[in-house]
Amino acid sequence: MLFRSLVFIGNFNHSPNEDAVCWFAETVLPLINKARPDVIFHVIGANPPASVCRLAGPNMVIHGFVEDLDSLLSTMTLSVAPLRFGAGMKGKVVSAMRAGLPVVCTSIGSEGMQLEDRDHAYIADDAASFAESVLEILNSQAIWERLSQAGINLCAE
């Protein structure tokens, strides 16, 4: 398996999603791509604003609304939820875990689910830690498999 496809899921009518994608693309993705230039960030969600669309490039694909989310998720390696504000349980995290995708999220992204850092997902709140977490999972099949199964198990519970 080639570990290189990151995905963000979120409707852009919800402002925390725009902020999350812009912050990740501008501050975290460059750190990841410095170590792994092959990593591509895929953004899924209805109504992406101009601030998000302008970030598209060789390492970032804006898909917009996707009719069959499960099919696209099955081609991805890792889900990111770099939310810096918002409240409640995050459907994007549950959707990814249910699909067997490991997740790297912020503390805000993990709210409402009692996720244990490095057991169910990796939790990081600053750009350097977030990038390091993504790279650690992408570079280890054993960690990827453990987190994938932990997420599936948590959703089943």
Would you point out the residue of segment 123-157, among those that are among the β-branched types (V, I, T) and modelled with pLDDT of 95 or more, that is nearest to K90 (Cα to Cα)? I123
With segment 1-92 as the region, which helices (runs of 4 or more DSSP H) entirely inside it contain at least 3 residues that are open to solvent by less than 50 Å² (accessible area, probe 1.4 Å)? 15-23, 29-35, 69-73
Pair list, Cβ under 9 Å, 6 or more apart: segment 119-133 residue over 18 Å from R4 (Cα atoms), other residue among the basic types (K, R) and assigned to a loop (DSSP other than H, G, I, E, B): D125/R84
Candidate set: segment 74-121, residues that are charged (D, E, K, R) and modelled with pLDDT of 90 or more; chosen: the one farthest from E132 (Cα to Cα): R98
From the list A142, A150, A127, pick out the single residue that is open to solvent by 30 Å² or more (accessible area, probe 1.4 Å) and of a type in the set (A, V, I, L, M). A142
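Which residues, taken from segment 109-124, are over 13 Å from the mean Cα position of the chain (by Cα) and open to solvent by 30 Å² or more (accessible area, probe 1.4 Å)? Explain how you work it out, then say what you get.
Taking segment 109-124 and keeping what is over 13 Å from the mean Cα position of the chain (by Cα), we get 111-120.
Correct list: E111, G112, Q114, E116, D117, R118, D119, H120.
The values are calculated or read from the model by the stated rules, or taken from the named source; none is laboratory data. Not measured: the values here are computed from a predicted model. Note that each Cβ is placed from the backbone with ideal geometry, even for glycine, and that neighbours are counted across all protein chains shown. The protein model used for the area step is the full one, side chains on, heavy atoms only, and it has no ligands, DNA or RNA in it. Shrake-Rupley method; radii C 1.70, N 1.55, O 1.52, S 1.80 Å.
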